[in-house]
Structure formats: structure tokens, C-alpha cells
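Bear in mind that the values in this text are calculations on the coordinates, not laboratory data. No experiment lies behind these values; they were computed from the predicted model shown. Backbone-built Cβ (ideal geometry, glycine too); neighbour counts: all protein chains shown.
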Ligand code: SF4
């Protein structure tokens, strides 16, 4: 809950909430199914039906689909596949002239990592702001590679579930960004001997990351910055865009490189955090001297072999670790293992609370947020899902390292874009609340590094099937 203040006085508490509203797709996605109808077979069928129904045209032209696929102006001669739900009634009843098949164009909306099903889910979340319910009808696999190989333990036997999503119990999704002392020491006068905590809070454990350099635009950053402000999270934006657009606000995190040292003073607002794109001693000193209140974040790829503890000693309080859009680090490792390694290094040194770990890359579904936090992140950075929410399209394999294989609609209407991003944020937060509720957790901060909540498919299969003939795990 947020305290609301007026004239310096506490006015009460306001429960955090993201406003959602329907924001329908502006561009029609390719239909899920292709419906092919043999004209001759259909004509013969219609003649029979006309005689049978005594020329009841509306009835005849609507058959055999109750979803309206065959109810256009010329019935089944020009079917409307976007209405098809794939129930297969038509092709079961009339296999001789109706064929329904998955639409390859729909499948091309995703790539091998960000699958078309995940694209569909993000699009639904951005359109409605609601949690997609698959429920008992789910027919997909329950395990797989990457994040799908990890399950979360929601055992109710040892802890009661909590109701977060429906609001009867409050579950906090607030996270702190910055550094705190690992322990407190006081001198003889009672004054603390170490620096006081230097943090600020955001109400959701995800921030909006910078856009891939090949897809950046002024219009896009304006939409992202506004949505981030309304969600009360952060938006990482390269300094040149901030200066060119005169962007300002607590949500904006300037991304600066070694060449930006001189321009830091030009920032039109007091930033809460400044992100360095790679380490530069001179740049860090400039940030500390020009904006002493700002958190200094270091953006650095996972697995570069650099010693994060060493940077922490030099005053870095926030690490933004990045993988490519397929969740791969430079050495080919998966983001989950990389998060574990970074988190573990600070835990072993007894200094985990001194830093905040953010991570980006390969986080393309709502469930990836709690999983990444269980692995050890404080909060995640969202990248490609934000663009998919704006109806951007993958145009082949796109991991962010190679040529840009992604297309954004242009122009993107401002209000529509902001609402789509807010809807996505609300849907992902609700799903996080579901996970926390099912685990009996009352605040998301307790999820960080909580590996006791993780189950791994490979391990469980080994325990269950090792030694059984035919098992080759
Ligand atoms: S599969 Fe079902 S929804 Fe699709 S056209 Fe046939 S009857 Fe209609």
C-alpha cells in the first residue's frame, strides 16, 4: 500500500492498483486456423439443405458452423476463418469438402524461444488486462527446456494459500532498489557506523528495459515512459532520447555510456537511478558528484567473468545483468543458471542485501517473473514482451544479437499503446499474486533466492524413473 501525503500530512493508505481497460488489437493477427471449403461439395450440400429446410436461407448459409465462419454474405463460399475456434465440427461432419488446419502465418508470429503461443498470451493480456485461463483444458506439455524445466512448489499442506488477486488479503509486490547494510553497527554515541540504506521502492518487481537499438524511436519511448509512470515502475532510456524529447519523471532511468560524462548535467530532472552501460570509473565519479542522490546501476552482460563484488566495492548498488532475447549469456549459458551464479556470489560473501540484482533477457511470460526471482533476482527487466504487447511482430529468429528480425507497427497511437502496456503489467502482476498466494507468501521480497520453492523436472524424473528400463535421462 502507498501512503498518500498532502501538505506533509499522511492522508491514509491507497491500495496499489493498475487501471485496465479493453484495448483491442489494431491490426488483425493471422487467424488461428485456415478453413478450406470445396466449392462443389458445398454447393451440393447447400442444394440438399435448401430442399430439406424449404429454402430457409439464413439457416442454410449458417451451417455447419455455430461460430459464424460460414455465415458471411455468401456463406461457406467465402468462409471467415478469424471466427474459427477449431472445434472441428465442420470437418467431422463434412470431411469430403471442409478442411480445417492450423494457420502457418499464426505460428510465424513467434520464434523458437518466444513461441507463438506465448505471443498469443501476451497479446491477450495486453488487450484485456486479464489473466489468461487455460485451466483443465490445457493440452500442452507440463515440462520442457529452459524455464519450462522448473516448476514452483505450491504445496498447501505446509502453508495455507492466501487470496491476493481478489483482494481479500493484501500481498505486497513492492521491491526495494538500491543498497542496504548487511548488518548494523553503532558507535558509543549510538550513531550508525555504516552508510544508511540508500534505496527507493517500486510497487512491482519488473521494470521496462531499453528498446533494442534497431527498434528505438521517439514515439515508442514516449509511450513506454508514460506507461511506466502510470504503473509506477522504471523505464530505462538512453540519455540522447531523454534530452531530445525533454523526458522527465521519477520513472525514467537514464542509460549513459562513457561518452556521456559531459552531458549528465543536462538532465532535465533529478533521477532516482542512473544506469551505466558498462563500467567507467570516470563516469561513475561524475554521476556521484553531479547526482549524489541517484542510485548508480551497472548494466553488464551475464557471465562476462567480471567480479561483481569488486564493482560493489566501488559504489555500485544496483546491477542490471543482461542476456539476449533467448535468455542466453555470452558463454551460451541459460539465464536461470547465470542468475543463480550472480546471486550466489553475493550470498557467499555475506553481502547480498548490499546490492539489488536486476535481470533482463528471455523473460517472455508472466510465470518467468517469479521463477527469475526464485533464482535470485530482486526484479526483472521486460523487453520484447512490451513490444509484442504493442503488436510488434517477430519476423523470424530474433535473439537481439543478430540482425533485427522484428517489425513494429507505425505509428503507434499514444493512448492505445499506454493502455496496452498497463494491461500487460496488470495481468503479469495478477499472475504473480496468484503464485505468491498459492505459495502462502505475503510479500514478493521473500521470493528472492527462495530455491526451496523450485522443483526441477530433470531431477524429479531422475528420482522417479532412474533404473527403470527405457529411461534415458
Ligand atoms: S472447426 Fe468449428 S469453429 Fe471452425 S469452422 Fe469448423 S465448425 Fe466452425
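Treating the angle as unsigned and between 0 and 90°, give the value, to the nearest 10°, between the Cα long axis of helix 39-53 and the longest Cα principal axis of the chain.
70
Relative to the first principal axis of the alpha-carbon coordinates of the chain, what is the inclination of helix 335-348, with its axis defined by its Cα atoms, in degrees from 0 to 90 and to the nearest 10?
Taking Cα atoms only, the helix is inclined about 20 degrees.
When you take every Cα atom in the range 129-288, what is the radius of gyration, and what is Dmax, the widest Cα pair distance, in Å?
Gyration radius and largest Cα-Cα distance of the range 129-288: 21.3, 66 Å.
Quick check on the range 312-449: what does the Kirkwood estimate of hydrodynamic radius come out to from the alpha carbon pairs, in Å?
Evaluated on the range 312-449, it is 16.4 Å.
Among 302, 33, 55, 206, which comes first, then next, by fewest other beta-carbon atoms within 10 Å? Intermediate results must be reported in sequence, preceding the final value.
Working: 302 24, 33 20, 55 10, 206 30.
In order of increasing Cβ crowding within 10 Å: 55, 33, 302, 206.
May I ask you to order 208-221, 39-52, 435-448 by the average number of other C-beta atoms within 10 Å around their residues, highest value first?
Most protected by this proxy first, the peptides run 435-448, 208-221, 39-52.
Over the range 33-106, what number does the Rg to Rh ratio reach, with both radii from the alpha-carbon atoms and Rh per Kirkwood?
0.96
If packing is taken as the average count of other Cβ atoms within 10 Å, what order do 120-132, 451-463 fall into, highest mean first?
Order by mean packing, descending: 120-132, 451-463.
At 222 nm, what value in deg cm²/dmol follows for the chain if DSSP H runs of at least 4 each add -39500 (n - 2.57) and the sum is divided by all its residues, to the nearest 500? Let's see the in-between values first.
Details: 14 runs with 143 residues, N = 473.
Roughly -9000 deg cm²/dmol at 222 nm, from the helical runs in the chain.
Output the antiparallel fraction of DSSP beta bridges having both residues in the chain, as a percent to the nearest 5.
Values: 22 of 51 bridges.
Once the DSSP bridges in the chain are tallied, antiparallel ones form about 45 percent.
Which order results if 401, 299 are arranged by neighbouring Cβ count within 10 Å, fewest first?
401, 299
May I ask you to order 71-81, 262-272 by the average number of other C-beta atoms within 10 Å around their residues, highest value first?
My ranking of the peptides, most packed first, is 71-81, 262-272.
How far is helix 218-231 tilted off the main Cα axis of the chain, in degrees rounded to 10, range 0 to 90?
So the inclination is approximately 80 degrees.
I need to check one value: relative contact order of the range 33-106, counting alpha carbon pairs closer than 8 Å and at least 6 residues apart, in percent.
40
Could you tell me the extents of the chain's C-alpha atoms along the three principal axes, largest first, rounded to whole Å?
101, 62, 49
Would you mind ranking 142, 406 so that the residue whose beta carbon has the fewest other beta carbons within 10 Å leads the list?
142, 406
Could you grab the relative contact order for the chain? Cα pairs under 8 Å, six or more apart, rounded to a whole percent.
Once normalised by length, the contact order is 20 percent.
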